[in-house]
Amino acid sequence: MNKKYIAEAIGTATLVILGCGTAMLVGCDAVNGGGYILTALAFGLTIVAMAYSIGNISGCHINPAVSLGVLLSGGMTTGEFIGYVISQCVGALCGSAVLAAIFGLGGVTDMTGGFGSNGLAGVNGNALAGLLVEIVLTFIFVIAILGVTSKKANHGSFGGLVIGLTLVVVHILGIGLTGTSVNPARSFGPAVVAAISGNAAPLASLWVFIVGPLVGAALAACVYKALEA
């Protein structure tokens, strides 16, 4: 198997274990705002760690939306894109399975109720509102990535840090609205494992967290290409 695909699977699994795992442990509600910050930092710092560990192997997309942005920007082939997405989804499933084992064997309460899966409670169940949130936040995240990784950029070794901090701030706003996906694989893994564990609720709105990030990423790629031209 292509080493890039293995790296993407490992990176995505790590993101789910540390990001969703933190959300499961501390909870994410408006009353306990500290949980927002901890979860946001967990996701962002994981991206930083992975960027500097597997970034030189696969580019550290660990997100189908990011891979779509790179594809539309001419940075990868369609075949590579498909391989990346499959690897990312497999990694997310494996990461969610690890969380299920840890929380199940340890008898730890999942404060999110669904392995850190995304939902629409923060927008009162309105799918269109949730879709808009995910499109906007993913647009911001992906356009930052495209800018930092552009051949014209001169960020030296700080690119991974910029990307990670962007994900932190995106989560700070988005957690209270949709739980913040901006990553179809990160939403897919926990929703599927939650359903297997008896909670099928996250599957009902899963399409929002697949379509929204992909649309946001496509828009970011198109806008960035126009600005860079």
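Within the set ALA200, ALA185, ALA204, ALA195, the sole residue that is crowded, with 17+ Cβ neighbours inside 10 Å and without any contact (Cβ under 8 Å) to a residue 24 or more places away in the chain turns out to be ALA195. Selection of the stretch 34-54 for residues being at pLDDT below 95, in contact with a Gly (Cβ under 9 Å, 6 or more places away or on another chain) and small (Gly, Ala, Ser) yields only GLY35.
Whether a residue is closer than 15 Å to ILE17 by Cβ, under 13 Å from the mean Cα position of the chain (by Cα) and outside any helix (DSSP H, G or I) was assessed, and GLY91 does not pass this test. Looking only at the stretch 59-82, which residues are crowded, with 19+ Cβ neighbours inside 10 Å and part of a helix (DSSP H, G or I)? Hits for the stretch 59-82 are PRO64, ALA65, VAL66, SER67, LEU68, GLY69, VAL70, LEU71, LEU72.
Might you check whether a residue that is touching a Pro at 6+ places or on another chain (Cβ under 8 Å) and of a type in the set (Val, Ile, Thr) occurs anywhere in the stretch 39-57? Scanning the stretch 39-57, I find no residue that is touching a Pro at 6+ places or on another chain (Cβ under 8 Å) and of a type in the set (Val, Ile, Thr), so the answer is no.
Here's the yes/no breakdown for (1) within 15 Å of the chain's Cα centre (by Cα); (2) outside any loop (DSSP other than H, G, I, E, B); (3) of a type outside the set (Val, Ile, Thr); (4) under 24 Å from VAL48 (Cβ atoms):
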position	(1), (2), (3), (4)
GLY122	no, yes, yes, no
LEU128	no, yes, yes, no
VAL136	yes, yes, no, yes
VAL142	yes, yes, no, yes
LEU146	no, yes, yes, yes
LYS151	no, no, yes, yes
VAL169	yes, yes, no, yes
VAL193	no, yes, no, no
PRO202	no, yes, yes, no
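Scanning the stretch 39-58 for residues that are of a type in the set (Ser, Thr, Tyr) and assigned to a helix (DSSP H, G or I), we see that the one that is nearest to GLY147 (Cα to Cα) is SER58. Each residue in the stretch 105-129 was checked for being more than 19 Å from ASN183 (Cα to Cα) and either touching a residue at least 60 places away in the same chain (Cβ under 8 Å) or among the polar types (S, T, N, Q) (or both), and 7 pass.
The values are calculated or read from the model by the stated rules, or taken from the named source; none is laboratory data. Owing to the predicted nature of the structure, the values given are computational and were not obtained by experimental measurement. Here the Cβ is made from the backbone with ideal geometry for all residues, glycine too, and neighbour counts use every protein chain on show.
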